[in-house]
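Colleague: Take a look at the following structure, please.
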Amino acid sequence: MPKIDLTRLPVLTGSSYPAPHDAAMAGRSQQRLGDAAGLTQFGANLVRLAPGAMSSLRHWHEEQDEFLVVTEGALTLVDDTGETPLSPGDCCAFPKGDRNGHHIVNRSDAEGAFVVIGTRTPTERGHYSDVDMQVTVDAGQMAFTRRDGSPF
């Protein structure tokens, strides 16, 4: 099944973030392209952002690379260096271990979209640049804590 029929894939909304941070993900949806195709070595998701929405909280990964390509709309990359406008065809890469926290926001009046591809590793630790939160992943289970490891 090389061609993925987007009309048959579930559109996922909401967030795995604990409250109150989950509310920041309003207006974001995604479709899991890689899972639909049976890929196991990396994930690939089509992410759609309504006007005013963001892809995630600003974050960086210890063990996983990320790559994205904008497919629709006018979006903005926000990272430690500031803001960078993105248009269809623009690409961004975030190597594992690079502490430059990043996310994508939609400051336009129209929907925007991008495909994001990331490494799948058995374990991972992600760090959130603007909030006192980190996530650890082990065997597919996510655990959110404060930066010092105390429960959220």
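Colleague: It is to be established whether one or more residues within the stretch 18-25 are hydrophobic (A, V, I, L, M, F, W, C) and in contact (Cβ under 8 Å) with a residue 60 or more places away in the chain. First the steps, then the outcome.
Modeller: So in the stretch 18-25, the residues hydrophobic (A, V, I, L, M, F, W, C) come out as 19, 23-25.
When the remaining residues are screened for being in contact (Cβ under 8 Å) with a residue 60 or more places away in the chain, the result is none.
Taking every residue of the stretch 18-25 in turn, none turns out to be hydrophobic (A, V, I, L, M, F, W, C) and in contact (Cβ under 8 Å) with a residue 60 or more places away in the chain.
Colleague: Give me the residue from the stretch 48-59 that is of a type in the set (A, V, I, L, M, F, W, C) and in a loop (DSSP other than H, G, I, E, B) and, out of that set, nearest to Gly126 (Cα to Cα).
Modeller: First pass over the stretch 48-59, keeping only residues of a type in the set (A, V, I, L, M, F, W, C): 49-50, 53-54, 57.
Cutting the leftovers down to in a loop (DSSP other than H, G, I, E, B) gives us 50, 53, 57.
Values: Ala50: 25, Ala53: 21, Leu57: 11 Å.
It comes out as Leu57.
Colleague: Here are some residues: Glu66, Glu111, Glu83. Which one is surrounded by 15 or more Cβ atoms within 10 Å (Cβ to Cβ), out of contact with any Asp or Glu (no Cβ under 8 Å at 6 or more places or on another chain), modelled with pLDDT of 95 or more and acidic (Asp, Glu)? Can you show your working first?
Modeller: Numbers: Glu111 fails: out of contact with any Asp or Glu (no Cβ under 8 Å at 6 or more places or on another chain); Glu83 fails: surrounded by 15 or more Cβ atoms within 10 Å (Cβ to Cβ).
Exactly one residue qualifies, and that residue is Glu66.
Colleague: Among strands (runs of 3 or more DSSP E) lying entirely in the stretch 60-133, which contain 1 or more residues that are more than 24 Å from Pro151 (Cα to Cα) and free of Cβ contacts under 8 Å to residues at least 60 places away in the same chain? I'd like the intermediate steps shown before the answer.
Modeller: Details: elements: 66-72, 75-79, 82-86, 91-94, 102-105, 112-119, 123-128.
In the stretch 60-133, the matching strands (runs of 3 or more DSSP E) lie at 66-72, 75-79, 82-86, 91-94, 102-105.
Colleague: Continuing with the same structure: So which residues in the stretch 134-151 are assigned to a strand (DSSP E or B), of a type outside the set (Val, Ile, Thr) and surrounded by 11 or more Cβ atoms within 10 Å (Cβ to Cβ)?
Modeller: Pass one, the stretch 134-151, residues assigned to a strand (DSSP E or B): 134-138, 141-145, 151.
With the extra rule that they be of a type outside the set (Val, Ile, Thr), the set shrinks to 134, 138, 141-144, 151.
Result: Gln134, Asp138, Met142, Ala143, Phe144.
Colleague: Still on this structure, I have one more. Here are Gly97, Gly140, Gly73: which of them is over 18 Å from Asp22 (Cβ atoms) and at pLDDT below 95? Let's see the steps before the verdict.
Modeller: Values: Gly97 fails: at pLDDT below 95; Gly73 fails: at pLDDT below 95.
Result: Gly140 is the single residue among Gly97, Gly140, Gly73 that is over 18 Å from Asp22 (Cβ atoms) and at pLDDT below 95.
The values are calculated or read from the model by the stated rules, or taken from the named source; none is laboratory data. Owing to the predicted nature of the structure, the values given are computational and were not obtained by experimental measurement. Positions of Cβ are backbone-derived with ideal geometry, glycine not excepted, and every protein chain shown enters the neighbour counts.
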